[in-house]
1. Which one of Asp134, Asp216, Asp227 has the biggest mean-square fluctuation once the chain is modelled by GNM with Cα springs under 10 Å?
2. Using only helices, what value at 222 nm comes out for the chain when you add -39,500 (n - 2.57) per DSSP H run of length 4 or more and divide by the total residues, to the nearest 500 deg cm²/dmol?
3. Among (1) 19.9, 68; (2) 21.1, 68; (3) 23.9, 76, find the value of Rg and Dmax of the Cα atoms in Å that was calculated from the structure presented, and write down its label.
4. Counting only complete DSSP H runs, which helices of the chain cover 20 Å or more along their long axis at the Cα atoms and score a mean Kyte-Doolittle of 1.0 or above?
5. Leaving out same-chain residues fewer than 8 places away, which lysines sit with a Cα under 18 Å from that of Lys237?
6. What distance in nm separates the two pseudo spin-label positions at Thr245 and Ile32, each 7 Å out from Cα along the beta-carbon direction?
7. What net charge is computed for the residues neighbouring Asn79, neighbours being all others with C-beta under 15 Å from the C-beta of Asn79, Lys and Arg scored +1, Asp and Glu -1?
8. Checking the table Lys106/Lys188; Lys106/Lys192; Lys106/Lys270 against a 24 Å threshold on Cα-Cα, which pairs fail?
Amino acid sequence: MFPTPIHQRPVVNQYIYKIFLPISLIIWLIPIFGILMTSIRGLGDITAGNMWGTPSEFLLFSNLHDVFTNTPMVKYTLNSFKVTIPTMLGAVALSCMTGFALANYKFKTNLTIFFIFIAGNFVPFQILMIPVRDLTFKIGLYNTITGLVLFHVAFQTGFCTLFMRNFIKALPQELIEAARMDGASEFKIFWKIILPLTRPAIAALCVLIFTFIWNDYFWATVLIQGDHAMPITAGLKSLNGQWITAYHLLSTGSIVAAIPPVVMFFLMQKHFIAGLTLGATKG
């Protein structure tokens with residue numbers, strides 16, 4: 001068998017793309033479709049095994065009513081915002097400053113500090129579980145929103161710093177040098193030059209960090225035990241019945257939990273795509 005000529009390979013690749021893209025999309029959408037189908041059913045359909053057929057009743061609004069009236073879903077949602085928004089703002093703000101310092105200042109430990117930030121992204125969560133839990137106990141922040149926020153800010157700052165440092169380092173250094181020659185302070189350079197130029201990267205980071213923290217389940221269950229501080233992802237377990245899993249309520253609650261990140265992405269879509277594109281094409 002002779003190999004495919006080089007000039008025909010793009011055509012072959014195009015056919016492969018057209019075949020496998022719809023298949024991949026269908027496989028990806030099946031779980032989401034299953035959750036949507038379950039959320040419109042009642043418990044009777046589920047116990048009877050009617051998971052994919054026509055539901056006997058359309059109960060989406062009834063399930064939503066049960067979720068918001070019979071469970072602390074509103075409190076869980078507010079707790080998620082209390083955790084996610086401060087974490088996003090804190091991690092992005094710190095990473096902008098550290099990224100600026102690591103990209104523009106030359107000192108002996110520059111690369112060492114940068115590598116420490118990178119190394120922190122490769123530490124498995126499970127290894128940190130017991131030390132972090134013990135630390136929050138000792139400093140009195142266990143089972144509090146503040147403790148969860150501080151941990152997320154500390155851990156997410158490493159990834160954000162890696163992103164911002166590379167982005168800032170690819171900016172035209174002539175602008176910074178010209179501003180210094182004109183007598184601008186470092187803070188003014190950071191505030192008036194760096195931040196406006198890195199706006200797409202900041203928007204992309206905000207979307208990513210918002211999604212990461214909002215969807216976090218592991219640390220929410222490790223560091224939070226009471227309903228007073230439980231985020232929505234961990235709080236979904238309260239939708240289970242006493243003797244049987246309420247899959248229809250779990251599915252409805254999951255849809256509710258997925259709405260804020262989706263809305264965040266569509267609101268920031270233009271800046272998000274621009275930030276990822278610039279980050280991919282620069283340096």
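1. Asp134
2. The helix contribution divided over the chain gives -23000 deg cm²/dmol.
3. The value matching this structure is (3).
4. 9-39, 145-169, 199-214, 247-267
5. Correct list for Lys237: Lys75.
6. 2.2 nm
7. +1
8. Violating the 24 Å Cα-Cα cut-off are Lys106/Lys270.
Every read-out reported here was derived from the displayed coordinates using simple, explicitly stated rules and does not represent laboratory data. All of these numbers come straight from a predicted model, not from anything done at the bench. We place every Cβ from the backbone using ideal geometry, glycine too, and count neighbours over all the protein chains shown.
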